[in-house]
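Student: One structure coming up, written as structure tokens, with questions to follow.
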Ligand SMILES: Nc1ncnc2c1ncn2[C@@H]1O[C@H](COP(=O)(O)OP(=O)(O)OP(=O)(O)O)[C@@H](O)[C@H]1O
């Protein structure tokens, strides 16, 4: 196990079994030898489905020839996770939210017709009424908005800006010029204070830079590895090459080209590259390659991959399973919301790789007999900066304590921190810094638009959002909210407006969360109302638009959210409703993006007024639906208590004899940690924690 010090390490745990690299290379299938598409494949649906959407940037070539293998699979595939979902209680006992919304729409329509005294129309069948209403709505929107749309589009186009978008909306009003004045005031104030402290700051910066130079491997100290242009020159074995082909990866992306050779050498790595640039395979490929040569006489868990959310861990598990599809490497997924028992029995078999969220992993460490991390040789943290946030210190310390000191550690994020104090916690060994794109930059294919919300007009956000989504961004659109309640409420509003929306946040059951993502992925809903639970890492193919209902308070969080579109070299659009208090964030966005990628979008007043009144009309319906849900929840909770009490009585002896599960944090500790995490992640604004404890 002395591989970390060795100069060239292809194996895990057994230096004697280093393969003959040349032989392995020669054994690789001739992937670049592309056959021509035959007539049947040409123009076929399947071949089309494999074509990259939008503009594909260099570094993202998908191999259309899959060498007789299946079509390129979705990375967001929950088939395996679904198999270990916990059983739902009382399924179908109450109406679903969508049913409630449909019922409410129908009742509102009937009430309208009754008020107009049109009894004939009231006899139209239920379905016809809903359809009729939908098409009425569409006509209304389309016909009324043609002119406005033109105006709005040209406003958006003409507003490509060369600095911070002025965000003054329709020009000329008094109010506008007042705001302009206050804007310049804020700027000059901050410049003044910047001037005063700049000398001190540069001193601090220098000290910090010196610490970084001492901590990270200097570029010239790092191993001299070429940046291979293809996977075939990386000396990967045939099985891994087949896995890559199965995923449709023909050429490495820059982060993969830079990282894979370093990781194969056993180096510790801090990797940063823009969202959607292929970081997952950048760590999975070298891990799997090295595991191929592990000693096989005893089963040992050698690799631990930590992800901040359940969905991300499931996604990573999926990619890993597909990449390892032609190997004998076993992987276990350990996340909350899925069956604890199933995970326990899988862990007993000592899978080669464990992919986990920290909370559930600690639960297993404490309570699953014989599970330990004593033989971990590689530790990976995906979205590492998130997991190094202050609030998660205790969890991380517990996990790091359980891993051997001598191991390879790899950290990845689109907003990777180089804060030495944070990294020291992980006891890295002279990590190599791999930063592919300028830090804090958004994906190249992304256009960022900003829509101004006037001072003291926060209530206009819903109308603005509805107008944008009804008229322009009609599908494959993810919308981010600061709270679960806001996301839920907007799902109801969209439903009542006749738009197909799903929701994704921590108030849903795990089944509900997976279902929401699947429905969105498969186009059964056009909009996904999400909290920051979905901000990081999720890879849903073909998201065209990300909308921020409110601007996040931290810039990295903004970058992760908008990074759900324009992935893998494609193009996409992010739209942010921006208020007065968001100016700092707006400036950062402008500063870190090419000028032609920043635009201002103006929603005309007339349109805004129309949607404002539509939304206002829905207030009572929304309230009624939420009240009904609350009532059902109370009934459900009461029933659960009864079942629990009955179980306690019926199975008293068995329950008493079970070993007690232990928790590493008390409820109070958890709450404190959560509060710290909230403050670091969401700035001053109190938001709910998007990180899964389990
Ligand atoms: N070599 C490659 N060739 C073609 N497509 C690739 C390649 N590597 C990754 N991809 C695809 O690019 C997309 C983004 O990859 P991935 O999810 O790993 O990005 P990421 O950098 O981890 O993003 P984030 O920072 O948002 O987590 C995925 O759909 C993946 O299948």
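The values are calculated or read from the model by the stated rules, or taken from the named source; none is laboratory data. From a predicted model like this one, the values you see are computed outputs, not experimental measurements. Using ideal geometry, Cβ is built from the backbone for each residue, glycine included, and neighbour counts are taken over all protein chains shown.
Student: Just to be sure before I move on: is residue 286 buried (at least 24 other Cβ atoms within 10 Å of the Cβ) and at pLDDT below 95 in the structure I sent?
Tutor: Numbers: buried (at least 24 other Cβ atoms within 10 Å of the Cβ): yes; at pLDDT below 95: no.
No: the conditions fail for residue 286.
Student: Taking the stated definitions as given, is residue 286 in contact with a strand residue (DSSP E or B) (Cβ under 9 Å, 6 or more places away or on another chain) and closer than 30 Å to residue 445 by Cβ? Walk me through it before giving the result.
Tutor: Working: in contact with a strand residue (DSSP E or B) (Cβ under 9 Å, 6 or more places away or on another chain): yes; closer than 30 Å to residue 445 by Cβ: yes.
Yes; evaluated as a whole, the condition is true for this residue.
Student: Restricted to segment 536-568, and to residues that are out of contact with any helix residue (DSSP H, G or I) (no Cβ under 8 Å at 6 or more places or on another chain) and modelled with pLDDT under 95, which residue is farthest from residue 276 (Cα to Cα)?
Tutor: For segment 536-568, the residue satisfying everything is 542.
Student: For residue 219, only one of the following conditions fails: (1) modelled with pLDDT of 95 or more; (2) more than 16 Å from the ligand (Cβ to nearest atom); (3) in a loop (DSSP other than H, G, I, E, B). What is its number?
Tutor: (1)
Student: If you don't mind, another one. Tell me which residues, restricted to segment 236-248, are under 16 Å from residue 291 (Cβ atoms) and either away from the ligand (no atom under 14 Å from the Cβ) or under 25 Å from the mean Cα position of the chain (by Cα) (or both). Quick ask: steps written out before the conclusion?
Tutor: So in segment 236-248, the residues under 16 Å from residue 291 (Cβ atoms) come out as 236-244.
Matches in segment 236-248: 237, 238, 239, 242, 243, 244.
Student: Restricting to segment 557-575, name every residue that is farther than 19 Å from residue 600 by Cα and away from the ligand (no atom under 11 Å from the Cβ).
Tutor: 557
Student: For segment 411-431, give me each residue that is closer than 14 Å to residue 273 by Cα and away from the ligand (no atom under 12 Å from the Cβ).
Tutor: To start, the set of residues in segment 411-431 that are closer than 14 Å to residue 273 by Cα comprises 411-418.
The answer is 411, 417, 418.
Student: Also, I was wondering about something else. List, please: which pairs have Cβ atoms under 8 Å, are six or more places apart or on different chains, and start with a residue in segment 520-538 that is free of Cβ contacts under 8 Å to residues at least 40 places away in the same chain and end with one that is more than 14 Å from the ligand (Cβ to nearest atom) and in a loop (DSSP other than H, G, I, E, B)?
Tutor: Listed by first residue and then by second, the contacts come to 524/500; 525/500.
Student: Shifting gears a bit: Does segment 553-560 contain any residue that is under 24 Å from the mean Cα position of the chain (by Cα), part of a loop (DSSP other than H, G, I, E, B) and surrounded by fewer than 21 Cβ atoms within 10 Å (Cβ to Cβ)?
Tutor: First, pick out the residues of segment 553-560 that are under 24 Å from the mean Cα position of the chain (by Cα): 553-560.
Within this subset, residues satisfying the condition of being part of a loop (DSSP other than H, G, I, E, B) are 553-554.
Those still in the list that are surrounded by fewer than 21 Cβ atoms within 10 Å (Cβ to Cβ) too: 553-554.
Yes, the conditions are met somewhere in segment 553-560.
Student: In segment 600-625, how many are touching a helix residue (DSSP H, G or I) at 6+ places or on another chain (Cβ under 7 Å) and part of a loop (DSSP other than H, G, I, E, B)?
Tutor: The total comes to 4.
Student: So for segment 223-235 (the condition being touching a strand residue (DSSP E or B) at 6+ places or on another chain (Cβ under 8 Å) and within 10 Å of the ligand (Cβ to nearest atom)), does at least one residue qualify?
Tutor: yes
Student: Let me ask you something else. Given the structure, is residue 503 touching a strand residue (DSSP E or B) at 6+ places or on another chain (Cβ under 7 Å), crowded, with 21+ Cβ neighbours inside 10 Å and within 27 Å of residue 633 (Cβ to Cβ)? Break it down stepwise before answering.
Tutor: Details: touching a strand residue (DSSP E or B) at 6+ places or on another chain (Cβ under 7 Å): yes; crowded, with 21+ Cβ neighbours inside 10 Å: yes; within 27 Å of residue 633 (Cβ to Cβ): yes.
Yes; evaluated as a whole, the condition is true for this residue.
Student: Something else now. Taking the options 628, 672, name whichever one is closer than 30 Å to residue 496 by Cβ and either part of a helix (DSSP H, G or I) or modelled with pLDDT of 80 or more (or both).
Tutor: So the residue among 628, 672 that is closer than 30 Å to residue 496 by Cβ and either part of a helix (DSSP H, G or I) or modelled with pLDDT of 80 or more (or both) is 628.
Student: Yes or no: segment 342-357 includes at least one residue that is touching a strand residue (DSSP E or B) at 6+ places or on another chain (Cβ under 6 Å), more than 15 Å from residue 268 (Cβ to Cβ), within 16 Å of the ligand (Cβ to nearest atom) and part of a helix (DSSP H, G or I).
Tutor: Checked against the condition, which is being touching a strand residue (DSSP E or B) at 6+ places or on another chain (Cβ under 6 Å), more than 15 Å from residue 268 (Cβ to Cβ), within 16 Å of the ligand (Cβ to nearest atom) and part of a helix (DSSP H, G or I), segment 342-357 yields no hits at all.
Student: Looking only at residues that are within 16 Å of the ligand (Cβ to nearest atom) and assigned to a strand (DSSP E or B) in segment 372-407, which one is nearest to residue 312 (Cα to Cα)? Even if it seems obvious, please write down each step before you answer.
Tutor: Let us first name the residues in segment 372-407 that are within 16 Å of the ligand (Cβ to nearest atom), namely 380-388.
Then drop every residue that is not assigned to a strand (DSSP E or B), which leaves 380-382.
Numbers: 380: 14, 381: 12, 382: 9 Å.
Of everything passing the filter in segment 372-407, 382 is nearest to residue 312 (Cα to Cα).
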